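Accompanying notes for the structure given below.
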């Protein structure tokens with residue numbers, strides 16, 4: 001499994017290096033750490049502690065934007081690695097591209113709070129060294145409406161969703177049925193006295209995707225992550241370099257598991273987070 005993790009790491013690093021293929025008009029790269037003690041995993045009836053280290057890159061180019069994030073997730077012993085050798089390790093990468101219709105066509109699509117329309121393409125890939133040995137690969141595609149809200153931004157997307165995965169318990173690869181996803185993301189800045197703040201996050205609502213590797217029907221899945229971050233670096237005259245804050249994750253029917261049937265399929269997780277921008 002370590003070899004597989006290394007392959008995924010090399011592939012995601014390659015994707016990161018490849019994102020500036022279009023000459024970037026602007027970019028932002030950051031490293032972050034998240035920590036929580038109440039993560040949930042399907043089939044596990046105990047809270048799981050996790051340290052999550054992330055590398056994130058966002059950039060804009062002539063026709064749109066790129067987003068790349070890779071998480072390295074380290075669980076405690078309640079989410080054991082295969083063979084019981086300590087907590088599980090996981091790597092999970094996301095790449096998303098948006099092509100703005102105004103930039104492709106030369107026509108403005110702004111109307112009221114709407115600033116633009118975009119075409120979204122996304123790829124997720126990951127691996128985890130548990131007995132289940134998940135290897136998710138996900139593809140999303142569809143339209144995005146971009147809004148200006150409260151001095152910040154909000155995206156709302158309706159996406160085609162396709163996933164394949166692996167179930168090591170029964171030793172089979174799983175080709176889920178195509179389904180749909182409603183996705184949103186936002187970043188809203190504000191000031192708390194002289195301290196710059198922001199509220200950011202995302203949500204996904206994913207429809208049923210057929211049967212899983214055990215032959216059970218999957219259920220619609222809801223995932224919401226929201227963070228309140230303080231720009232602590234601004235206090236030292238280095239605005240936008242160091243942020244710290246708190247967050248919350250709600251995940252219902254995690255991975256499509258029925259939360260009324262499978263223990264650990266609902267997560268309600270407070271988190272602490274710090275991030276450094278380069």
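The values are calculated or read from the model by the stated rules, or taken from the named source; none is laboratory data. Keep in mind the model is a prediction, meaning the values are calculated, not measured. Here the Cβ positions follow ideal geometry from the backbone for every residue, glycine too, while neighbour counts run over all protein chains shown.
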Exercise for review: Return the residue satisfying two criteria in turn: it lies in the range 211-232 and is out of contact with any helix residue (DSSP H, G or I) (no Cβ under 7 Å at 6 or more places or on another chain) and in contact (Cβ under 8 Å) with a residue 40 or more places away in the chain, and of such residues it is farthest from residue 169 (Cα to Cα).
Suggested key: 229
Check your understanding: Quick one: is residue 233 at pLDDT 95 or above, under 24 Å from residue 130 (Cα atoms) and outside any strand (DSSP E or B)?
Key -> no
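So that you can scan it fast, the table gives a plain yes or no per residue for (1) modelled with pLDDT of 95 or more; (2) over 30 Å from residue 157 (Cα atoms); (3) in a strand (DSSP E or B):
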residue	(1), (2), (3)
73	yes, no, yes
83	no, yes, no
91	yes, no, yes
99	yes, no, yes
104	yes, no, no
107	yes, no, no
116	yes, no, yes
Check your understanding: Which condition number in (1) modelled with pLDDT of 95 or more; (2) farther than 30 Å from residue 143 by Cβ is the one that residue 250 fails?
Key -> (2)
Review point. Within the range 203-227, how many residues are part of a strand (DSSP E or B) and exposed (fewer than 15 other Cβ atoms within 10 Å of the Cβ)?
Key: 2
Check your understanding: Which condition breaks for residue 190 when tested against (1) touching a helix residue (DSSP H, G or I) at 6+ places or on another chain (Cβ under 8 Å); (2) in a strand (DSSP E or B); (3) closer than 21 Å to residue 149 by Cβ?
Key -> (1)
**Study point:** Check on residue 190, in contact with a strand residue (DSSP E or B) (Cβ under 7 Å, 6 or more places away or on another chain), loosely packed, with under 14 Cβ neighbours inside 10 Å and touching a residue at least 40 places away in the same chain (Cβ under 8 Å)
**Key:** yes
Revision key, fill the gap. In the set 104, 117, the lone residue that is surrounded by fewer than 16 Cβ atoms within 10 Å (Cβ to Cβ), in contact (Cβ under 8 Å) with a residue 24 or more places away in the chain and more than 23 Å from residue 269 (Cβ to Cβ) is 104
Review point. Hey, does the range 47-57 have a residue that's touching a strand residue (DSSP E or B) at 6+ places or on another chain (Cβ under 7 Å), at pLDDT 95 or above and part of a loop (DSSP other than H, G, I, E, B)?
Key: yes
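Okay, residues lined up against (1) assigned to a strand (DSSP E or B); (2) surrounded by fewer than 17 Cβ atoms within 10 Å (Cβ to Cβ); (3) over 21 Å from the mean Cα position of the chain (by Cα); (4) on the phi > 0 side of the Ramachandran plot:
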site: 170; (1), (2), (3), (4): no, yes, yes, no
site: 174; (1), (2), (3), (4): yes, no, yes, no
site: 240; (1), (2), (3), (4): no, yes, yes, yes
site: 246; (1), (2), (3), (4): yes, yes, no, no
site: 275; (1), (2), (3), (4): yes, no, no, no
